[in-house]
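Novice: Provided herewith is a single structure, encoded as structure tokens, for subsequent inquiry.
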Amino acid sequence: MVVWDMNILILGEESEFRSELKGLVGAQINCCSVQVFLDNNDFFDKVKLFDVDVCLAVITTRNFKYCFKVADILMEKNSNVKIAFLCNHVLKAWVEKLRTRYIHLVSLASEDIVGDIERIISGEKVVPLAQKSQKFLASREEEVLQLLSLGKNQTVIAEELDISVSTVKTCVKNINHKLETPSKEAAVRRGIELGIIQANFEISEEF
């Protein structure tokens, strides 16, 4: 068992996973406090009252803005705080923000998540950022998403890209799955936020 005297906060959207992670960390790392938060207000109240030594946040395409906001608040209060984002994918649009904030990354596919967290707490590096950065959408999916942002329907997109309408539909389905969005409109907005596609004056008013 590794012993540290510190406060560890765990933020995330999936309660079962957060509880399991809390149990793993609490069992293997004897620390001052391991607390799990889902409600933003509860978290901010905690940050205002107590120093946070380690923050573990499950980052997704839905909550990435909040995660980076949390990181900024924590680092402003304590420059020595250790922050780790637990994720399945790292979007290129996040890379510079991660690098400038010195945020560590832990893959949710890691066979030793707690071990990775222990190494971060000890001041070690896990996997280099460059090795974790990846392209989120396939090139064809990016092309489809860009054309969707211009308000073009699936038939027109199929003609412009010289592919079948069924292929376009498959691309749209894959895009929504990867970006965790419920519709093509939401996917376009998410794609612009993440820098996957470029927003300009031609963007359809529909979005």
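Coordinate-derived values only; no laboratory data. Everything numeric in this text was worked out from a predicted model, so none of it was measured. Reconstructed Cβ throughout: ideal geometry from the backbone, glycine too, with neighbour counts over all protein chains shown.
Novice: Order these by the 10 Å Cβ neighbour count, fewest first: Leu49, Leu148, Leu108.
Specialist: Arranged by neighbour count, lowest to highest, Leu49, Leu148, Leu108 become Leu49, Leu108, Leu148.
Novice: Hey, what did the stretch 139-193 get for relative contact order, percent, Cα under 8 Å, at least 6 apart?
Specialist: In percent, rounded to a whole number, it is 37.
Novice: At 7 Å along the Cα-to-beta-carbon direction for both Ala93 and Ile192, put a label point, then send me their distance in nm to one decimal.
Specialist: Between Ala93 and Ile192, the label points sit 1.0 nm apart.
Novice: Taking amide H positions as placed in the peptide plane 1.01 Å from N, state which residues far from Val34 in sequence (5 or more) or on other chains have amide H under 5 Å from it.
Specialist: Ile8
Novice: Could you work out Rg/(2.2 N^0.38 Å) for the stretch 139-193, with Rg from alpha carbons only?
Specialist: Compared with the compact-globule rule of thumb, the stretch 139-193 sits at 0.99.
Novice: What is the distance, in nm, between label points placed 7 Å from the Cα along the Cα-to-Cβ direction at Ala27 and at Asn80?
Specialist: Taking the two extended label points, one gets 3.1 nm.
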